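Working notes, structure below.
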Amino acid sequence: MSADFELIERDGMGRICTLRTPHGPVETPTVLPVINPNRKLITAHEMRKDFGAQMVITNSYIIARDPRLREIAASSGVHGLLEFDGPVMTDSGTFQSYVYGNLGIDANEIVALQRAFGSDVSTVLDIFSEPDFSREKAEEAVRITTDRASTALRLDGGRGIIACTVQGSLYPDLRERAARELSALGADYMAVGGIVPLMERGMYPELVDVVMASKKGMNPACPVHLFGAGHPLIFPIAALMGCDIFDSASYAKYAQDDRLIFPDRTVHLSELEYNPCLCPVCSDHTLKEIKSADRTERTGILARHNLHIIFSEIRLVKQAIREQRLWELAENRARSNPSLFDSYISLLTHYDFLERFEPISRKSGVSVVDGVSLSRPSIRRFSYRLDAMRAGTGRDMLLVGGTKPYFSHLDFSLKSGDEDIVARTPFGLMPITLTETYPFAQSSYSLNAVPEPRVLEYLSKFGYGSFRSVEGKWRRGGNTVPAFAYIDLIRKVCEYQFGAGLSASLLSGKIEFTHSNSTGKLRMVLRDGKQILFFRTGEGLFSLKFEGARLIHSATQPPAMRVVCSDDAADFVSSGKSLFCKFVKEADACIRPGDECIVVDGMDRLLACGRAAMNREEMLAFRKGVAVDVREHPSSA
Ligand code: GUN
Ligand code: ZN
């Protein structure tokens with residue numbers, strides 16, 4: 001009821017968000033170092049100052065069972081106990097119960113205590129569901145956890161933030177149902193629990209399936225905490241699945257065992273002959289000094305090294321989201337470990353769900369090194385859409401070879417009659433008119449790793465008649481793309497972006513266009529003398545002009561391409577201001593982040609058009625942030 005969570009940047013299901021807590025905002029993805037109140041190896045204050053931690057996590061059960069800690073927490077709060085004025089989350093003792101057996105903790109009491117200690121995020125006493133649980137046991141863990149969450153949320157009455165944990169062992173349907181039930185209860189901070197044994201045993205494919213199943217049932221506007229995933233090797237793929245918050249006790253645990261964390265693995269100090277790390281502690285101490293330091297000092301040094309690596313990897317993940325290169329980062333990391341690689345392949349099997357969150361284009365292109373890279377959702381969506389457009393053409397095909405940029409360099413005089421020009425590209429065979437469009441146009445690829453396209457298969461699949469192949473004549477310089485090629489491109493990109501029916505309505509009148517004289521790139525599309533579409537050359541996709549939005553509006557019935565805005569925001573939007581999530585009443589389920597959309601009021605009157613920042617589920621779930629970046633409104637026409 002109360003987590004204030006706003007989406008700022010996104011890539012796939014990964015996102016940068018702001019979580020506002022009573023002790024200040026936290027920018028996710030982030031990692032919360034675990035502070036043991038008994039043994040402050042590194043203090044919360046140092047966590048912030050030296051490593052950039054934004055929030056820390058401690059354990060209310062450990063505080064509650066120790067009279068001295070409990071007294072301090074009761075009188076000066078958990079912030080007083082940790083001598084920290086930033087956000088503090090508390091866990092409930094679930095993990096201790098898992099490790100030590102039933103500890104007789106009272107579920108209601110432990111949540112009430114966390115509130116009394118002034119915790120910014122309290123945690124329900126969930127039941128840890130282990131990977132080898134029978135279905136019955138896993139169901140029971142879910143049932144008890146949901147009951148306890150329900151009570152905790154009711155008693156709290158929406159005053160604080162309460163983490164509700166999705167359990168369910170390895171049963172995807174249980175995980176999804178648990179997440180759905182917790183979301184229906186109004187939980188606004190979700191955790192995925194029971195994964196520590198999966199981390200410890202390197203069962204990453206199972207971990208991916210557990211997280212994806214949980215995400216499918218979750219309110220997409222909730223922060224998602226992956227409990228006990230403190231090793232950085234999991235951060236990129238976890239962030240890609242939309243996990244926002246991690247916690248790490250591993251920095252200390254590993255340090256106590258003389259182990260150093262690296263982004264892709266862990267190394268025992270005794271095995272390290274050369275230290276590749278340049279973090280502040282590794283720069284200050286030679287390996288010899290670290291090895292010969294006494295135990296306490298050594299643990300401190302290694303814990304600090306581990307924290308530097310952990311926080312550095314989180315920044316790497318955030319930068320990748322910012323640049324929209326998170327898929328690349330996750331794929332690269334996956335290649336460092338066979339089980340992690342299998343987990344990446346597992347992730348790709350969730351295409352249908354992933355695709356709903358895939359932006360329609362990105363700031364940066366995709367980089368393709370082999371068939372695995374080609375399986376990324378953005379590339380699969382591209383080829384599925386192309387397949388749908390080409391089915392049963394019955395036309396003739398002219399196959400050309402060459403390299404990018406195909407469209408602006410081809411000598412179109414090669415074409416005769418009613419031929420479709422198809423380019424042989426590393427993404428397979430594709431209409432030359434779509435080689436300017438994301439993701440192909442912006443991709444970089446290895447020529448070695450991509451299989452030769454099967455031409456005959458393509459011919460029969462799409463019902464081509466005759467076919468001839470030319471290596472193509474390529475113009476160097478000069479910009480004499482003929483008008484018919486531009487018109488072909490307009491029709492094809494329109495169909496790719498808006499579908500066949502809509503594209504036919506949009507382009508039904510007299511079509512003219514303008515292009516850049518210096519680059520030859522298409523710019524504006526006019527229909528019967530009025531501007532309807534603007535070509536974004538960077539992505540090879542169209543933006544709607546208001547006249548184009550009008551055409552779409554009158555040619556279709558709701559919900560096509562629509563975002564319905566509540567009446568109190570209608571004036572705001574029709575004057576050109578962005579549409580915020582809290583004013584969205586409905587939206588077309590086909591809308592993807594980055595898609596063009598039209599904004600209408602409750603009576604389906606057209607107010608504006610622009611670019612969706614989210615899909616339908618997100619627009620409806622988030623209470624803060626922009627749903628549609630409005631670009632055109634009645635007076636911009
Ligand atoms: N810490 C590590 N795993 C878990 C879990 O499943 N639940 C809770 N509450 N804390 C954890
Ligand atoms: Zn280091």
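What follows draws every value from the coordinates through simple rules; no lab data is involved. Just so it is clear, the model here is predicted, and its values are computed rather than measured. Here Cβ is always computed from backbone atoms with ideal geometry, including for glycine, and neighbour counts include all displayed protein chains.
Select from Ser383, His633, Leu174 the residue farthest towards the positive end of the dipole of the chain; place +1 on Cβ of Lys and Arg, -1 on Cβ of Asp and Glu, and compute about the Cα centre. Value computed over the given set: His633. Using C-alpha pairs under 8 Å with a sequence gap of at least 6, the mean separation divided by the residue count of the range 1-85 gives a relative contact order of 20 percent. Between amide H atoms placed 1.01 Å from N, distances below 5 Å from Ala163 occur with Ser122, Thr123, Val124, all of them 5 or more places distant or on a separate chain.
For the range 361-494, the Stokes-Einstein estimate of translational diffusion at 10 °C and a viscosity of 1.306 mPa s comes to 104 µm²/s, using the Kirkwood hydrodynamic radius over alpha-carbon pairs.
Net charge of the neighbourhood of Pro431, taken over other residues with C-beta under 15 Å away and scored Lys/Arg +1, Asp/Glu -1, is +1. Taking every alpha-carbon pair under 8 Å whose residues sit at least 6 apart, the range 149-255 reaches a relative contact order of 25 percent. Set the Cα radius of gyration of the range 257-318 against 2.2 N^0.38 Å, with N its number of residues, and you get 1.07. Rounded to the nearest whole Hz, the Karplus-based 3J(HN,Hα) values (6.51 cos²θ - 1.76 cosθ + 1.60, θ = phi - 60°) of the range 187-201 follow the sequence 4, 10, 9, 9, 10, 10, x, x, 9, 4, x, 5, 5, 5, 9, with x at glycine and proline. Residue exposure proxy: Cys581, Cys277, ordered by other Cβ atoms within 10 angstrom of their Cβ from fewest to most, comes out as Cys277, Cys581. To the nearest 10 degrees, how steeply does helix 135-156 sit against the main Cα axis of the chain, on a 0 to 90 scale? The answer is roughly 80 degrees. The per residue volume of the convex hull around the alpha-carbon atoms of the range 91-184 is 88 Å³.
Computed about its Cα centre, the charge dipole of the range 570-637 is approximately 260 debye, with only Lys, Arg, Asp and Glu carrying charge at their Cβ. Once both labels are positioned 7 Å from their Cα atoms along Cα-to-Cβ, the gap between Arg523 and Glu136 label points is 7.4 nm.
Here the scattering of the range 233-291 is modelled by Debye summation over its C-alpha atoms, one equal scatterer each and no solvent; at q = 0.13, 0.14, 0.17, 0.28 Å⁻¹ the log10 of I(q)/I(0) is -0.43, -0.49, -0.67, -1.25. When +1 charges are put on Lys and Arg Cβ atoms and -1 charges on Asp and Glu Cβ atoms, the dipole computed for the chain relative to its Cα centre reaches about 1520 debye. Each DSSP beta bridge with both residues in the range 1-107 is either parallel or antiparallel, and the antiparallel ones are about 70%. The angle separating the long axis of helix 483-498 from the principal Cα axis of greatest extent in the chain is about 40 degrees.
For the range 182-337, the Cα-based Rg and Dmax, in that order, read 17.0, 56 Å.
Beyond 18 Å, the tail of the calculated P(r) for the range 165-226 holds 25 percent of the Cα pairs. Seen from Ser575, the other residues with C-beta closer than 14 Å to its C-beta sum to a net charge of -2, counting Lys and Arg as +1 and Asp and Glu as -1. Note that the range 47-53 has calculated 3J(HN,Hα) couplings of 4, 6, 5, 8, 10, x, 4 Hz, one per residue in order, obtained from phi through the Karplus relation 6.51 cos²θ - 1.76 cosθ + 1.60 (θ = phi - 60°); glycine and proline are x. With Rh defined as the Kirkwood radius, the inverse of the mean 1/r over Cα pairs, the Rg/Rh of the range 263-380 is 1.10. Ordered from longest to shortest, the equivalent ellipsoid semi-axes for the range 575-635 are 16, 12, 11 Å, each the square root of 5 times a Cα gyration tensor eigenvalue.
As a proxy for reagent exposure, ranking Ile490, Ile127, Ile8, Ile105 by other Cβ atoms within 10 Å from fewest up yields Ile8, Ile105, Ile490, Ile127. Note on the range 416-519: the alpha carbon radius of gyration divided by the globular reference 2.2 N^0.38 Å gives 1.20. The percentage of C-alpha pairs in the chain whose separation is greater than 40 Å is 37%.
Across all C-alpha atoms in the range 1-128, the radius of gyration and Dmax reach 15.1, 47 Å. Working from Cα pairs under 8 Å separated by at least six residues, relative contact order for the range 501-637 is 20 percent. Rg/Rh, computed from the Cα trace of the range 58-126 with Rh as the Kirkwood radius, has the value 0.95.
Rounded to the nearest 5, the antiparallel percentage of DSSP beta bridges internal to the range 191-341 is 50%.
Ordered by the count of other Cβ atoms within 10 Å of each Cβ, fewest first, Tyr486, Tyr251 give Tyr486, Tyr251. Against the compact-protein benchmark of 2.2 N^0.38 Å, the Cα-based radius of gyration of the range 135-250 scales to 1.00.
For the chain, the longest principal axis of the C-alpha atoms and the axis of helix 377-390 are separated by about 30°. Distance from the Cα centroid of the range 594-637 to that of the range 69-108 is 44 Å (rounded to whole angstrom). Distance distribution note for the range 134-184: the fraction of Cα pairs above 18 angstrom is 28%. 3J(HN,Hα) couplings calculated from phi for the range 337-348 with the Karplus curve 6.51 cos²θ - 1.76 cosθ + 1.60 (θ = phi - 60°) are, in sequence order, 7, x, 5, 5, 5, 4, 5, 5, 5, 4, 4, 4 Hz; Gly and Pro show x.
Separation of the range 135-208 and the range 354-428, taken as the distance between their Cα centroids, equals 42 angstrom.
Using the rule -39500 (n - 2.57) for each DSSP H run of four or more residues, divided by the residues of the chain, the 222 nm mean residue ellipticity is -11500 deg cm²/dmol.
Bin all alpha-carbon pair distances of the range 50-97 at 5 Å intervals from 0 and give each bin's fraction as a whole percent. Using 5 Å bins, I get a P(r) of 5, 21, 29, 22, 15, 7, 1 for the range 50-97.
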